[in-house]
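> First the structure, then my questions, so here it is.
The values are calculated or read from the model by the stated rules, or taken from the named source; none is laboratory data. A quick note: this is a predicted structure, and the numbers were derived from the prediction, not measured. Virtual Cβ from ideal backbone geometry, glycine too; neighbours counted across all protein chains shown. The area values use the complete protein model at the heavy-atom level, side chains included, leaving out ligands, DNA and RNA. Shrake-Rupley method; radii C 1.70, N 1.55, O 1.52, S 1.80 Å.
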Amino acid sequence: MPSPEWAAHIQDEVLPQATAGVTLGVDLLELGPGPGAATDWLRHRVRRLVAVEQEEPAVTRLAEKYAGTNVEVVRGDAAALGYPDASFDTVATCTMLHHVPTRALQDQVLAEAFRVLRPGGVFLGSDSLPSDGLHRFHEGDTYNPVEPAAFLTRLQTAGFAAITLRVAHNLIFTACKEGTS
């Protein structure tokens, strides 16, 4: 489970910045919710939230926690989503991308987010910035931080437009799929 401090950081700081000026729509796909620090905050702002998580223990915990709510928890791979094109109004990921082992797989996650978004939809989220402290924290775990200077081009290559990146103590982003829903 996330620490209360971490959940508060995601809910009080990261998500309000990432969603400022964004219409989330009806259907939101959350990629890699892990312990669900963002899930509860997001689910109250949409009709339906689908959380795709790769780790079975996290899937089980989230499914039990959100049983009977508007959250559907699915075990899956963010780089190979099993949803048709244009299935969601919003795709969100909070501090998950650095857990994806290679840049190529991260780029596939970006491409899948673009593919499953409806025209006019928004991909939003955050990730940690590279640091020695986080490298030590993730010892024994996958740690492949996104380089903010290259992330704009990577999002553009995936097809996104109207991209906003905020870089301070972390990376917060929004990127749109052009068109109207």
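> Quick one: Pro101 ticks every box in (1) at pLDDT below 95; (2) buried (at least 21 other Cβ atoms within 10 Å of the Cβ); (3) touching a Ser or Thr at 6+ places or on another chain (Cβ under 8 Å) except a single one, so which number is it?
All conditions pass for Pro101, except number (2).
> Yes or no: Asp77 among the charged types (D, E, K, R), assigned to a loop (DSSP other than H, G, I, E, B) and under 22 Å from Ser126 (Cβ atoms)?
In short, yes.
> Kindly establish whether Ala92 is among the aliphatic types (A, V, I, L, M) and surrounded by fewer than 23 Cβ atoms within 10 Å (Cβ to Cβ).
Answer is no for this residue.
> Checking the condition at pLDDT 95 or above and either over 19 Å from Thr19 (Cβ atoms) or surrounded by fewer than 19 Cβ atoms within 10 Å (Cβ to Cβ) (or both), which residue from Glu139, Glu112 passes? Write out each step before concluding.
Values: Glu139 fails: at pLDDT 95 or above.
Being at pLDDT 95 or above and either over 19 Å from Thr19 (Cβ atoms) or surrounded by fewer than 19 Cβ atoms within 10 Å (Cβ to Cβ) (or both) holds for just one of Glu139, Glu112, which is Glu112.
> How many of the residues making up region 17-72 are of a type in the set (A, V, I, L, M), in contact (Cβ under 8 Å) with a residue 40 or more places away in the chain and not in a helix (DSSP H, G or I)?
So the answer is 9.
> Quick test of your reading of the structure: Ala8 fulfils all but one of (1) part of a helix (DSSP H, G or I); (2) of a type in the set (A, V, I, L, M); (3) free of Cβ contacts under 8 Å to residues at least 40 places away in the same chain; (4) within 27 Å of Thr102 (Cα to Cα). Name the failing condition by number.
Result: Ala8 fails condition (4) only.
> On the phi < 0 side of the Ramachandran plot, at pLDDT 95 or above and of a type in the set (A, V, I, L, M) - does that describe any residue in region 119-134?
Among the residues of region 119-134, at least one is on the phi < 0 side of the Ramachandran plot, at pLDDT 95 or above and of a type in the set (A, V, I, L, M), which makes the answer yes.
> Oh, and also: Quick one: count up the residues across region 87-116 that are part of a strand (DSSP E or B), more than 12 Å from the chain's Cα centre (by Cα) and closer than 13 Å to Val52 by Cβ.
1
> Okay, next question. Of the residues Thr60, Thr39, Thr19, which is of a type in the set (Ser, Thr, Tyr) and either modelled with pLDDT under 95 or within 22 Å of Gly120 (Cα to Cα) (or both)?
None of the other options fit; the residue is Thr19.
> Quickly run through region 11-26 and pick out the residues that are more than 10 Å from Arg45 (Cα to Cα) and open to solvent by less than 30 Å² (accessible area, probe 1.4 Å).
Val14, Leu15, Ala18, Thr19
> So, one more: Would you check if Val14 is part of a helix (DSSP H, G or I) and touching a residue at least 40 places away in the same chain (Cβ under 8 Å)?
Spelling it out, Val14 is indeed part of a helix (DSSP H, G or I) and touching a residue at least 40 places away in the same chain (Cβ under 8 Å).
> Six or more apart or on different chains, Cβ atoms under 8 Å: show the pairs whose first residue is in region 157-181 and closer than 26 Å to His9 by Cβ and open to solvent by less than 30 Å² (accessible area, probe 1.4 Å) and whose second is of a type in the set (Asp, Glu) and part of a strand (DSSP E or B).
So the pair list comes out as Asn170/Asp127; Leu171/Asp127.
> While we're looking at this one, here's another question. Mind checking which residues of region 50-75 are within 26 Å of Thr102 (Cβ to Cβ) and open to solvent by less than 20 Å² (accessible area, probe 1.4 Å)?
Listed by number, the residues that qualify are Val50, Ala51, Val52, Glu53, Ala58, Val59, Leu62.
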